[in-house]
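These notes concern the structure reproduced below.
The values are calculated or read from the model by the stated rules, or taken from the named source; none is laboratory data. Bear in mind the structure is a predicted one, so any value in this text is a computation, not a measurement. Virtual Cβ from ideal backbone geometry, glycine too; neighbours counted across all protein chains shown. These area figures cover heavy atoms from the full protein model, side chains too; ligands, DNA and RNA do not enter into them. Shrake-Rupley method; radii C 1.70, N 1.55, O 1.52, S 1.80 Å.
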2 protein chains.
Amino acid sequence: MANLQNRLDDTFHALADPTRRAVLATLSQGPATVSDLAQPFDMALPTFLQHLKVLEQCGLVRSKKVGRVRTCQLRPKPLEDAEGWIGTQRTLWIKRLDQLDDYLKQLNATEKRK
Amino acid sequence: MANLQNRLDDTFHALADPTRRAVLATLSQGPATVSDLAQPFDMALPTFLQHLKVLEQCGLVRSKKVGRVRTCQLRPKPLEDAEGWIGTQRTLWIKRLDQLDDYLKQLNATEKRK
């Protein structure tokens with residue numbers, strides 16, 4: 001459980017940056033080289049590599065170097081865990097609203113019978 | 001679009017902390033007072049209030065003070081946006097895997113016909 005909590009900390013931290021989210025959005029369409037991933041961003045390569053490092057450290061991205069070319073690919077598991085956590089809260093929230101709705105309908109019906 | 005990006009930055013940053021996630025998990029089951037929310041955590045009240053401030057600033061929590069009691073409630077919209085962003089990446093990823101699967105099946109069928 002502590003491990004899952006730590007992984008969620010790292011995943012949500014990784015997602016809290018527009019550059020890292022844009023990299024993930026590109027990789028969700030297929031693997032890409034570091035050069036291709038860095039190209040759209042107006043930042044120094046070392047800065048971009050720091051962002052990639054954050055994504056690799058939390059397991060959202062895996063990279064492999066063949067010759068002089070490093071290729072990255074998305075690993076969806078941490079995204080699924082993050083989505084799962086949010087989904088659980090939403091389910092609880094909707095369930096509570098439904099209960100509130102049932103209660104109000106019941107109250108309304110009781111009032112009408114009076 | 002820039003506004004949505006900023007909101008996602010703030011929401012994912014808010015979610016990157018176990019105390020803040022625990023507060024949201026409690027509030028997804030209904031409103032709660034600040035004292036009740038703070039009670040399970042072994043931390044000074046000002047530290048806890050800082051966490052609540054982060055949640056309020058990104059719009060995940062709204063609070064109201066009546067007399068001396070401040071009550072908090074969850075606002076689900078930022079959670080829905082965050083879930084939506086992750087869901088989009090997952091859909092793209094699954095679509096790509098399906099395309100890859102179709103291609104491999106086609107390749108296999110062509111090989112068998114030879």
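Relative to the longest principal axis of the Cα atoms of chain A, the long axis of helix A:77-113 makes an angle of roughly 10 degrees. Can you give me the angle between helix B:18-27 and the longest principal axis of chain B, using Cα atoms only, in degrees from 0 to 90, rounded to the nearest 10? That works out to roughly 80 degrees.
Across peptide B:5-15, the average count of Cβ atoms from other chains found within 10 Å of a residue's Cβ is 4.
Residues of region A:55-98 buried by at least 30 Å² of accessible area upon assembly of all protein chains, compared with the chain on its own (1.4 Å probe): A:Leu74, A:Pro76, A:Leu79, A:Glu83, A:Trp85, A:Ile86, A:Gln89, A:Arg90, A:Leu92, A:Trp93, A:Arg96. Annotation for region A:38-89 versus region B:48-114: alpha-carbon center distance of 16 Å.
For the protein assembly as shown, the ratio of Cα radius of gyration to the globular rule of thumb 2.2 N^0.38 Å stands at 1.29.
Packing around the peptides A:15-23, A:87-95, B:52-60, taken as the average count of other Cβ atoms within 10 Å per residue, puts them in this order, highest first: A:15-23, B:52-60, A:87-95.
Accessible surface area normalised per residue over region B:2-113 is 61 Å², counting heavy atoms of protein chains with a 1.4 Å rolling probe. What total accessible area, in Å², is buried where chains A and B meet, using a 1.4 Å probe and rounding to the nearest 100? Chain pair A/B: roughly 2800 Å² of buried accessible area.
For the rotational copy relationship between A and B, the axis lies nearest to a chain A beta carbon, identified with its distance in whole angstrom as A:Phe12, 2. Each Cα pair of region B:2-113 feeds into the Kirkwood radius, which the Stokes-Einstein equation turns, at 20 °C and 1.002 mPa s, into a diffusion coefficient of 128 µm²/s. Starting from the label point of B:Leu4 at 7 Å along Cα→Cβ, the same points in the other copies fall at 3.0 nm, in ascending order.
When a 1.4 Å probe is rolled over the protein heavy atoms, the share of accessible surface on the protein assembly as shown that falls to carbon and sulfur comes to 52 percent.
Each Lys or Arg adds one and each Asp or Glu takes one away; over the other residues whose Cβ falls under 10 Å from the Cβ of B:Gln73, this sums to +3. A helix-only calculation puts chain B at -23000 deg cm²/dmol for mean residue ellipticity at 222 nm, using -39500 (n - 2.57) for each DSSP H run of at least four residues, averaged over all residues. Within the shell defined by Cβ-Cβ distances under 11 Å, the residues around B:Gly59 carry a net charge of +1, with Lys and Arg each +1 and Asp and Glu each -1. Comment: the Cα-to-Cβ extended label point of A:Gln99, at 7 Å, lies 4.5 nm from its counterparts in the other copies, nearest first. Does anyone have the angle between helix A:45-57 and the longest principal axis of chain A? Alpha-carbon axes, 0 to 90°, nearest 10? The angle comes out near 50 degrees.
Order A:70-83, B:61-74, A:28-41 from most to least packed using the mean count of other Cβ atoms within 10 Å.
Working: A:70-83: 18.1, B:61-74: 13.6, A:28-41: 15.2.
By packing density, highest mean first, the sequence is A:70-83, A:28-41, B:61-74.
Remark: label point of A:Gln50 defined 7 Å out from Cα along the Cα-Cβ vector; separations to the same position in other copies 2.2 nm, ascending.
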